[in-house]
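Worksheet: the structure to be examined is printed underneath.
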Amino acid sequence: MFVRPHLQELIQRIQEPRNFVQVVMGPRQVGKTTLVVQLAEKIKIPHHFVSADAIAATNTTWLEQQWEAARTMMDQQKMPEFLLIIDEIQKIEQWSEAVKLLWDTDSRKKRNMKVILLGSSRLLLQRGLTESLAGRFESMYLGHWSFTEMQKAFGWNVNQYVWFGGYPGSAELIKDENRWKAYVQQSLIETSISKDILMLTRVDKPALMKRLFEMGCLYSGQILSYTKMLGQLQDAGNTTTLSHYLNLLDTAGLLGGLEKYAKDIIRKRGSSPKFQVHNTALISAQRNETFRDIIVQPAQWGRMVESAVGAHLINHALTERFMLYYWRERNEEVDFIIEKGGKAVALEIKSGAAQSRSGMTAFQKQFNLYKILLVGNSGMPWQDFLKLNPVELFG
């Protein structure tokens, strides 16, 4: 069984003498549950694993019952420590307040109850952590699978990864592309939007948000002002609504809107977003073309490659904690800027058929850069870049 590198880090955290609530968050179908199952098999601590997926949202009593069950099992087995794992914790309203109360009670009684909470709604998890569990938790983000992981687990080549993306659960279906597309659309896209956004957050216009998602996938890698979005979407409300919905899609690990790189935060937040999917499967599953069709169309394939590079960056931005931007002024554009620790690295993507731009020189004149990198063509092969952890560029 393939093991993601996060496993060893989680094992070390659980085995440390200090004790925090461990929160593992990430999109659906990226292996969060598999990770904790592998953890439970490797450590000697007895555990109790439950899921809140089918529990009523108001049922904090269920959470208290599961916690008490873990305490009882710990006492019966006369164990000095015990591991409680709760999946889809964000489904329980006011879960963080309940966890805080139960956790503090055990801490006062010096009961060594180790807790791992799993969830697929980054927005709701972060809100609960900052509001109630400050100082009591450590978090870990599991992003979509990288090319290296899909290659090791399923033997994929880089072109397959660009088109079929990083959903491990769909890997066995790619020989029947119609079936693969149906699975991604129904089991991943529809489930993520309905369960991780619409059921947990107030959305006044769900149809609008779904159309925004579809449009964002179509325009992945492109910059589109909110005004232009309003022109393409019916019943679009206002730009604030669209910005809010795009943020919800981003926190669900579906579609992000990158901000323009600028010297001040206000200009960054007031910029037109650059659409970027978190997983290229979200694009491919909604297109009529097949893998064989698209790979022989240089312009279309070039856009898929750039979206794959962008997805690689946006996932690592969350795991490695760096910021990801784009830059454009008039006809000059830089595809991606990554920023960490006060250092900025500018990336230009040339997949072969991509339109030539002259933005890097103009960008360098305005900003103090740590490094610039050309990916593709005469620069670093994009195939190799998809194997690189981008944080290494700051070394």
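Each value in this text was obtained by applying a stated rule to the coordinates, not by laboratory testing. This is a predicted model, so every value here is computed, not measured. Note that we place each Cβ from the backbone using ideal geometry, even for glycine, and neighbour counts take in every protein chain shown.
Axis of helix 298-320 versus longest Cα principal axis of the chain: the two differ by about 40°, to the nearest ten degrees. With the gyration tensor restricted to C-alpha atoms of region 10-155, the semi-axes of the equivalent ellipsoid amount to 25, 19, 14 Å, longest first.
The Cα-based radius of gyration and maximum Cα-Cα distance (Dmax) for region 192-249 are 10.9, 30 Å.
Tell me, what is the FRET efficiency for Ile43 and Phe291 to the nearest 0.05, using R0 = 41 angstrom and their Cβ-Cβ distance as r?
Calculated transfer efficiency: 0.50.
Students often forget the sequence filter, so: which lysines lie under 21 Å Cα-Cα from Lys263 once same-chain residues fewer than 8 apart are removed? Hits, sequence-local ones excluded: Lys274, Lys340, Lys343, Lys365, Lys371. Entry note, the chain: the mean residue ellipticity at 222 nm calculated from DSSP H runs of n ≥ 4, each adding -39500 (n - 2.57), is -12000 deg cm²/dmol after division by the residues and rounding to the nearest 500.
How do the peptides 279-288, 336-345 rank, highest first, by the average count of neighbouring beta carbon atoms within 10 Å per residue?
Values: 279-288: 21.6, 336-345: 18.0.
Ranked from most to least packed, the peptides come out as 279-288, 336-345.
Listed peptides 363-374, 31-42 appear in the order 31-42, 363-374 once ranked by packing, highest mean of other Cβ atoms within 10 Å at the front.
The amide H of Val277, built 1.01 Å from its N in the peptide plane, has Gly221, Gly256 as neighbours under 5 Å, considering only residues 5 or more places off or on other chains.
Computed over the chain, relative contact order equals 14 percent, with contacts defined as Cα pairs under 8 Å that lie 6+ residues apart.
Along the Cα-to-Cβ line of Leu101, 7 Å from the Cα, sits a label point; which residues in region 45-70 have backbone N less than 20 Å from it? Residues 52, 55-70 qualify, since their backbone N sits under 20 Å from the label point. With both labels modelled 7 Å from their Cα along Cα-to-Cβ, the Phe2 to His244 distance reads 3.9 nm. Counting pairs of Cα atoms in region 79-233, how many percent are more than 22 Å apart? The proportion of pairs with Cα distances above 22 Å equals 60 percent. For the peptides 83-91, 242-250, the ranking by mean Cβ contacts within 10 Å, running from highest to lowest, is 83-91, 242-250.
The angle between the Cα long axis of helix 60-76 and the longest principal axis of the Cα atoms of the chain comes to about 60 degrees, rounded to the nearest 10. Full extension of the chain segment joining Ser378 with Asn178 gains 68.4 nm, where the gain is 0.36 nm per residue of separation less the Cα-Cα distance. Straight-line cross-link reach from Lys110 at under 28 Å between alpha-carbon atoms covers these lysines, not counting any fewer than eight positions away in the same chain: Lys42, Lys44, Lys78, Lys100. Angle of helix 6-15 to the longest C-alpha principal axis of the chain, folded into 0 to 90 degrees and rounded to 10: 30°.
Could you give the size of the charge dipole of region 59-121 about its Cα centre, using +1 on the Cβ of each K and R and -1 on the Cβ of each D and E, expressed in debye and rounded to the nearest 20?
On the way: 9 positive and 10 negative charges, 70 e Å.
Once rounded to the nearest 20, the dipole reads 340 debye.
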